[in-house]
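This report concerns only the one structure given below.
The values are calculated or read from the model by the stated rules, or taken from the named source; none is laboratory data. Because the structure is predicted, anything quoted here is derived from the model rather than measured. We place every Cβ from the backbone using ideal geometry, glycine too, and count neighbours over all the protein chains shown.
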Amino acid sequence: MLKIQIINGPNLNLLGKREPEVYGSTSFEDYLEELKRKFPAIEIHYFQSNVEGELINTIHAVGFSFDAILLNAGGYTHTSVAIADAIAGVTTPTLEVHISNIYKREEFRHKSIISKSCVGMISGLGLKGYALGIQYFI
């Protein structure tokens, strides 16, 4: 059975409440149940934190034993060398996911520090990007 870890960074705990015109009105917990129904043969794990070190610890914890990581690092995408180093330091492939199109937003969001350590990026397709990420690893 394929084991996939979804990791969401800062402020993504507010999905469904925060800027619904950008992020939609569905909480990630509700969407996660939908993902598990859609991919019953995949073991999907989920972790969210607003704390950079906790995201890094989770990458380290699963980075040698899981088949894939889907990472939405939120604002840390544009600032965290440490998260990029964590991704580069593990053997589990990581796919970068963004709900919004980072290239249609403020210019500082156009640069992803973590991209060079990831196998690819899905950006701007809403929550659907996570399902597409799982399909990629299948």
Unmet requirement for K3, which otherwise passes all of (1) basic (K, R); (2) under 23 Å from T92 (Cβ atoms); (3) in a helix (DSSP H, G or I)
(3)
Of the criteria (1) in a loop (DSSP other than H, G, I, E, B); (2) touching a strand residue (DSSP E or B) at 6+ places or on another chain (Cβ under 7 Å); (3) without any contact (Cβ under 8 Å) to a residue 24 or more places away in the chain, which one L132 fails
(1)
Where residues in the stretch 1-29 are more than 14 Å from the chain's Cα centre (by Cα) and of a type in the set (S, T, N, Q), which of them is modelled with the lowest pLDDT?
S25
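What is the residue count in the stretch 19-59 for residues that are small (G, A, S), more than 15 Å from G75 (Cα to Cα) and without any contact (Cβ under 8 Å) to a residue 40 or more places away in the chain?
Residues flagged as small (G, A, S), more than 15 Å from G75 (Cα to Cα) and without any contact (Cβ under 8 Å) to a residue 40 or more places away in the chain within the stretch 19-59 amount to 2.
Do the conditions hold for E33, that is, is it part of a helix (DSSP H, G or I) and either under 18 Å from G129 (Cβ atoms) or touching a Phe, Trp or Tyr at 6+ places or on another chain (Cβ under 7 Å) (or both)? Break it down stepwise before answering.
On the way: part of a helix (DSSP H, G or I): yes; either under 18 Å from G129 (Cβ atoms) or touching a Phe, Trp or Tyr at 6+ places or on another chain (Cβ under 7 Å) (or both): yes.
Yes.
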For residues that are within 25 Å of S80 (Cβ to Cβ) and either modelled with pLDDT under 95 or β-branched (V, I, T) (or both), tally how many sit in the stretch 30-58.
4
Search the stretch 96-109 for residues that are aliphatic (A, V, I, L, M) and pair each with any residue that is at pLDDT below 80 and surrounded by 13 or more Cβ atoms within 10 Å (Cβ to Cβ) when their beta-carbon atoms are under 8 Å apart and the residues are at least 6 apart or on different chains.
I99/Y23; I99/G24; I102/R109
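Name the one entry in D85, D67 that is touching a strand residue (DSSP E or B) at 6+ places or on another chain (Cβ under 8 Å) and among the charged types (D, E, K, R). Working first, answer last.
Working: D85 fails: touching a strand residue (DSSP E or B) at 6+ places or on another chain (Cβ under 8 Å).
After ruling out the rest, the residue left standing is D67.
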Looking only at the stretch 6-28, which residues are in contact with a helix residue (DSSP H, G or I) (Cβ under 9 Å, 6 or more places away or on another chain), over 24 Å from I114 (Cα atoms) and not in a loop (DSSP other than H, G, I, E, B)?
none
